Each structure stands twice: as C-alpha cells, then as structure tokens.
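This report concerns only the one structure given below.
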Amino acid sequence: MTDTCRNNRFWAIVPAAGVGKRMGVDVPKQYLQVLGKPVLQHTLERLLAIDVLAGVVVALGSEDGYWSDLPCATHPKIRVAPGGKERADSVLSALTSLENVAEPDDWVLVHDAARLCITISDVQKLIDRLRNDEVGGILALPVTDTLKGAEAGEIVETIDRSRIWRALTPQMFRFRMLKHALTDAAERKLIVTDEASALELRGLRPKIVEGRPDNIKITRPEDLPLAAFYLERQCYE
Ligand code: CTP
Ligand code: MG
C-alpha cells in the first residue's frame, strides 16, 4: 500500500430522487415513516455514524418538498445535489457535485436511500476488504432459493445458483473510475441499475463482499414492517 493509497478519503452518495412507484403511495418511499422516523433519516443517521466518511451527498428530486423537514438536512457533513431521470443519473449528478473536493482516487460509497437497515459493521467490512483494491466492489448476498429459467410460464432450465449473487449497496468505487464509467454508459444510452454494472461494461471485475440479509431495500408496502422488525432487532445485537 502506498502513502497516497492510505490518504484516500471516503465519500458517500445517497440517491434519494426516486418516486417509489412500486410502493403505490403519494409520498416517495424514502420519506415514509418507520418506527417514527422517515426512511431517509434512518439511512443517513447510520451513514453519519461512520467516522471515516468525509461527506455525504444526497441526490434529491426536483419536486422534493420533504427534505428540509429532515433533522439531518442541516448536518455539516451533508450536501445535496439535483437528482436525475434514472438512478444512475442521480448518482452521476452527485459525483459531479464532488468534482472540486474529491481526488480522483478517493473512494465513493453509493448507498440507496431506501436501504435503511444498513449496519455500520457491513459498511466497515466493505471498506476494510476493498480499501487496497484497484477497482472496488459491492455488498452482495448469495441466493438461497433454487432458480428456474422460464419461457411462457414453463420451466426451461434450472440455473446454477452457486454463481448467482444479489447486488446490495453500498457499492464502493474510486471517484474518477466511477464517474468515467457512468458517463460512458450514459453516452452509450446503456441502462445501468447499479454502479458495478457500469464498471463491468468497461471490462472491469468488481469484487463481491458478502453482506447481511437484513440489508433490505424498501420497495413494496410489506417491506415497511419488515424493516421495522430488523431495525428493532439490530438495536439488541
Ligand atoms: N433513485 C434516484 N433517482 C432516480 C431513481 C431512483 O435517486 N431517478 C433512488 C431511489 O430514491 C432509491 C434508489 O435510487 O433510493 C433505488 O431505486 P428504487 O428502489 O428503484 O427506488 P424508486 O425508483 O423510487 O422506486 P420505483 O422503482 O418503485 O419507482
Ligand atoms: Mg426505480
């Protein structure tokens, strides 16, 4: 490890500009209440507890009327950036807002606003495993179900699950490499639903770090009580 390596800083980006269509309610899911607090407040409190982070950029939707009511909104480590049409556009906008403060080799941890059950230990594990890596990587979960490929409602194959992982966040990459990869994907009009896929498109191989199964993403209404259950259990760990 070189000295430059050791001095690299860590930034977090939290894409929070989605509308939460699959949730089916008017309020974007990142502002729904879980155990008396908005989802995004939970998520940010957890990230802010990670001392090594130099700053957190939250990408917000242009119509967002809820952000300023969040207790975290005025935290000195937090800044905001305009969100974009797709998640990747929001992440790219947040990266661009860091242009004058982040060094090319600084690390950026991108974490979904909707993953409020993220634990400090998982983030720390990701950082510890990857901080000397060239490319970076992601938290992921091995699948436990048997997987089937189907066509027109009929099974055509059983997929070898030993090589299948579910991608979680945070996803941790170097500032310049991630910005290039996302810009390149946008220019080529390729849809990337996570940061790793943008790097994969450039022929790179992000690392997998096994994460905890309670790092769920709020997507549908039934995820809210499940998140509350996990958050309460984590308090007693
Ligand atoms: N996100 C974003 N900008 C977008 C779309 C999504 O910042 N244009 C954020 C969401 O706010 C969320 C994260 O990316 O924290 C993961 O996206 P997803 O779970 O798909 O959230 P939504 O797009 O809001 O939900 P849906 O797909 O059901 O509409
Ligand atoms: Mg979405």
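Return a whole-number percent for the relative contact order of the chain, with Cα pairs under 8 Å and 6 or more residues apart as the contact set. Could the numbers behind the result be given before it?
Numbers: 416 pairs, mean separation 55.4, N = 237.
Rounded, it is 23 percent for the chain.
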Give the separation of the Cα centroids, region 60-133 to region 143-222, in Å.
18 Å
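Answer rounded, prolate or oblate for region 14-150, using the Cα gyration tensor with square roots of eigenvalues a ≥ b ≥ c: rounded when a/c is under 1.5, else prolate when a/b is larger than b/c, else oblate.
It is rounded, given that a/c, with a ≥ b ≥ c, falls under 1.5.
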Only loop residues by DSSP count here, and only those with at most 11 other Cβ atoms within 10 Å; note down the GluC sites (Glu not before Pro) in region 54-121 that meet that.
63, 99
Please report the base-10 log of the normalised intensity I(q)/I(0) for region 131-237, using a Debye sum with one equal scatterer per alpha carbon and no solvent, at each q in 0.21 (1/Å).
-1.14
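Give the shape of the chain as rounded, prolate or oblate, defined through the alpha-carbon gyration tensor: a ≥ b ≥ c are the square roots of its eigenvalues, a/c under 1.5 means rounded, and otherwise the shape is prolate if a/b is larger than b/c and oblate if not.
Details: a/c = 1.33, a/b = 1.06, b/c = 1.26.
Note, shape of the chain comes out rounded.
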Which net charge results for the neighbourhood of residue 9, defined as the other residues with beta-carbon distances under 10 angstrom from its beta-carbon, given Lys and Arg at +1 and Asp and Glu at -1?
-3
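What number, in percent, do you get for the relative contact order of region 25-108 if the mean sequence gap of Cα pairs under 8 Å and at least 6 apart is divided by its residue count? If you can, show how the numbers build up before the last one.
Values: 72 pairs, mean separation 18.7, N = 84.
22 percent.
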Residue 51-residue 144 FRET efficiency (beta carbon distance; Förster radius 22 Å; 0.05 resolution):
0.05
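Give me the net charge of residue 54's neighbourhood, meaning all other residues with Cβ under 9 Å from the Cβ of residue 54; Lys, Arg count +1, Asp, Glu -1.
Numbers: positive: 9, 77; negative: 106.
Taking every Cβ under 9 Å from that of residue 54, the sum is +1.
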Quick one: what are the phi-derived ³J(HN,Hα) couplings along region 155-168, Karplus 6.51/-1.76/1.60 with θ = phi - 60°, whole Hz, x for glycine and proline?
6, 10, 6, 10, 8, 5, 6, 5, 10, 9, 10, 8, 7, 10
Which pairs in the list 148/189; 21/217; 37/217; 37/179; 37/85; 85/179 are over 24 Å apart, alpha-carbon to alpha-carbon?
148/189; 37/179; 37/85
Expected vector for region 68-81, Karplus 3J(HN,Hα) from phi with 6.51, -1.76, 1.60 and θ = phi - 60°, integer Hz, x for Gly and Pro, equals 5, 7, 6, x, 5, 4, 9, 5, x, 7, 9, 10, 10, 9
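Under the 0.36 nm per residue contour assumption, what length would be gained going from the current alpha-carbon distance of residue 156 and residue 183 to full extension?
Working: separation 27, 0.36 × 27 = 9.72 nm, distance 3.72 nm.
Going from the current span to full extension adds 6.0 nm.
A short reminder: the numbers here are calculations on the coordinates, not readings from a lab. Owing to the predicted nature of the structure, the values given are computational and were not obtained by experimental measurement. Don't worry about glycine lacking a Cβ; one is built from the backbone with ideal geometry, like all the others, and counts go over all protein chains shown.
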